[in-house]
1. Can you work out which of the residues in the range 432-455 that are on the phi < 0 side of the Ramachandran plot, in contact with a strand residue (DSSP E or B) (Cβ under 7 Å, 6 or more places away or on another chain) and free of Cβ contacts under 8 Å to residues at least 60 places away in the same chain is farthest from the ligand (Cβ to nearest atom)?
2. Among the residues of the range 323-335, is any of a type outside the set (Lys, Arg), more than 25 Å from GLY255 (Cβ to Cβ) and not in a loop (DSSP other than H, G, I, E, B)?
3. Given the criteria in a loop (DSSP other than H, G, I, E, B) and of a type outside the set (Asp, Glu), does PRO389 qualify?
4. Looking for something in a helix (DSSP H, G or I) and either within 16 Å of the ligand (Cβ to nearest atom) or polar (S, T, N, Q) (or both) - is there at least one such residue anywhere in the range 122-132?
5. If GLY458 passes every condition in (1) buried (at least 18 other Cβ atoms within 10 Å of the Cβ); (2) within 16 Å of the ligand (Cβ to nearest atom); (3) not aromatic (Phe, Trp, Tyr) but one, which one does it miss?
6. Tell me yes or no: at least one residue of the range 313-326 is within 29 Å of the chain's Cα centre (by Cα), within 16 Å of the ligand (Cβ to nearest atom) and at pLDDT 95 or above.
7. Would you please name the residue that is surrounded by the fewest Cβ atoms within 10 Å (Cβ to Cβ), looking only at residues in the range 168-223 that are touching a strand residue (DSSP E or B) at 6+ places or on another chain (Cβ under 8 Å) and at positive phi?
8. Considering the range 23-38 alone, what residues qualify as being within 16 Å of VAL206 (Cβ to Cβ) and surrounded by fewer than 16 Cβ atoms within 10 Å (Cβ to Cβ)?
Amino acid sequence: MANLDPARWTGRIWTGQWQPGSAGDHDVFSPSTGKHLATIGYASPADIDASAEIAVAAQREWAARTYEERAAIMRRAGDLWRAHADEVTEWVRAESGSAAFKAANEVEIAAQECYEAAALTSVPYGEMIRSTQPRLSLSRRLPVGVVAVIAPFNAPIVLSIRAVAPALALGNAVLLKPDSRTPICGGVALAAIFEEAGVPAGVFQVLPGRGAVAGERLITNPHTRVIAFTGSTGAGRRVGELAAINLKRAHLELGGNNALIVLDDADLATAPSVGAAGSFLHQGQICMATGRQLVHESIADEYVARLAEHANALTVGDPAADPTVNLGPIIDEKQRDSIHALVTDTVAAGATLVAGGTYQDLFYRPTVVDHVTSSHRLFREETFGPVAPIIRFSTVEEAVELARDTPYGLSLGILTGNVMRGLDLADRIPSGNVHINDQTINDEAPAPFGGVGDSGNGSRHGGHQANLEAFTEAQWLTLRGTPPSYPF
Ligand code: NAP
C-alpha cells in the first residue's frame, strides 16, 4: 500500500498531511530482536492544540455529509483492511510481537469494526416524546464534535479502531494517540487506511507522543469533548480525574484479573486447551486474559497435568520470522520483570511451579503455578503475562467467593457440563462480560464490551446502542407551527 510507505511518514505525525512533530522523533524497536523498525514524529501540546483546531473545522463539513456518504467510506475502509491485510499484519507481528494468527485476527476485526460502523450511520438516532403542548417534541443524538482516543500496545489496531470507527461514522472528528511502543500498526496503519478510504483531511488525525504530555493535552484541550481511553487502571484514574475537572465524558476501559471457573462436571478433554488459550494467548497481554483459574479439587490433579502438557508444547519465538510460533515476546523488559516477580514471589510464598517460569530475552515460557491462594500476588494482581495460576476450590460457594475477591470486573469464563449451573454463577459474580463454556478472551464488533469496578466506568464499546450513546450528545428539540402566546 503506497500510503504505508515509510518514506511518507518517517519522523512525522498525521494531521491530514504527514508533517514533523514538534516534540521530536521517536524510534520504534522490535520486542523480538531489539532491531530498529521505524521512526515516528512526536506531537507536542502545541501540535495537539493546532490539530484540534483543524479537527473542529473539518468535523463540520464531515457531519454535514449524508449518512450514505459516511457509510460508503467506512465500507471502503473495511474492504481496505482486508485488501492490505498481509502488509498490515507484518507490522503487527514485528512491532507488537503478535503471533501470526493473533495479528491476522486483529486486522479482520478492524474490517468488521468498519462494516459495523457503516451500518451505524443509518440506525434511528432519536425518539418522539409526548408533550402537553401543541408541538412536536423529540430527542435526537448529534455528534459530540471532536473525540480523543488513547490506546495501549497489546492490541494496537483493535483497541483504537473500536472507538475510532464508530466515532467517525457518527460524524465526529477523531484525534488518536497510539501507544509509544506501537505507533505504526496502532497509528500509521489507521491513517493510511482512512486516507485511502476517503476520510477528508483533518477529520482523522494520528498524534503519537508520551501519555503524560500528548495524552493529557488531548484531554485538557477545550475542543475534545469525549475521551475514549483504554489502558491500565492507574493511568485510567488520572485520565478520569482530568476529564472530570474539564467536564468531559471519559469512557475508561481498564485492567482485569479475570477468573475461569472449571466446575467438577467440565469436559476434561477440552478444558485444559480452553484454559491454555485464556491464559497464554498473546503472552497473556490481553485485558481479558484468564488471570486466575479456579478448578474444582476433584479434577484439579488431572486438569493441571494436562494444562502443563499444553504449556510445555507451545512454541515461543519471533512471530515476524516464524509465522507458526504460538507465543511472541513480552512487550518490554519492565513488563517481563514484573511478570517474573509475580511468579517468583508467589512460588516463594508456597505455591508450586508446574511449567515454565523461565525466560530468555523477552521470550517468557508459558507458565503454570499450582496451589495458588487468595493471599498470593499472582491471585491479587493483574499479571499481563503468560501465566496460569491454579486455585483449587471444594464448593461452588467457595468458587463464587474467590471469583468475586478482586476489585476488577471485566470478563468471566465458566466451564461446566450444565449451562444452568454456569448461568447461576454468572448471576452471582460481577463482570462486564461472561462466557459460559469458553475462556475469558472474546471480542466481536457487534457486542457491547466493557468492565465494572476497577476494570472501567461501565461504559461500553461495540453494538449500535452503546456506540450511539458513547459518541453522540442527546438534544431535546421541539417544533411548533406558530409561536405560543405568553402573558408578557
Ligand atoms: P498504560 O500505561 O495505561 O498506557 C495506555 C495508553 O495510555 C498509552 O497510549 C499511554 O501512553 C497512555 N497514557 C499513559 N498515561 C497517560 C496519561 N496520564 N494521560 C493520558 N494518556 C496516558 O497501559 P499499559 O499498562 O501499557 O497497557 C496494559 C493495560 O491496559 C493493562 O492493565 C490492560 O488490562 C489494560 N487494557 C484494557 C483493555 C480493556 O478494554 N479494558 C484492553 C487492553 C488493555 P504512552 O505511549 O506514553 O505509554
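1. ILE436
2. Just the residues of the range 323-335 that are of a type outside the set (Lys, Arg), to begin with: 323-333, 335.
Filter once more, keeping what is more than 25 Å from GLY255 (Cβ to Cβ): 323-325.
Filter once more, keeping what is not in a loop (DSSP other than H, G, I, E, B): none.
No - not one qualifying residue is present in the range 323-335.
3. Numbers: in a loop (DSSP other than H, G, I, E, B): no; of a type outside the set (Asp, Glu): yes.
It is false that PRO389 is in a loop (DSSP other than H, G, I, E, B) and of a type outside the set (Asp, Glu).
4. Taking the range 122-132 first, the residues in a helix (DSSP H, G or I) are none.
No, the range 122-132 has no match at all.
5. Among (1) buried (at least 18 other Cβ atoms within 10 Å of the Cβ); (2) within 16 Å of the ligand (Cβ to nearest atom); (3) not aromatic (Phe, Trp, Tyr), the lone unmet condition for GLY458 is (1).
6. Restricting attention to the range 313-326, the residues satisfying the condition of being within 29 Å of the chain's Cα centre (by Cα) are 313-326.
Now drop any that are not within 16 Å of the ligand (Cβ to nearest atom), which leaves none.
The answer is no; no qualifying residue exists.
7. Out of the qualifying residues, it is GLY202.
8. Taking the range 23-38 as the starting set, the residues that turn out to be within 16 Å of VAL206 (Cβ to Cβ) are 23, 25-26, 28, 38.
Once the filter is applied, which keeps residues that are within 16 Å of VAL206 (Cβ to Cβ) and surrounded by fewer than 16 Cβ atoms within 10 Å (Cβ to Cβ), the range 23-38 yields only ASP25.
The values are calculated or read from the model by the stated rules, or taken from the named source; none is laboratory data. In this text, all values refer to a predicted model and were calculated from it rather than measured experimentally. Cβ sites come from the backbone with ideal geometry, for glycine too, and all protein chains shown count toward neighbours.
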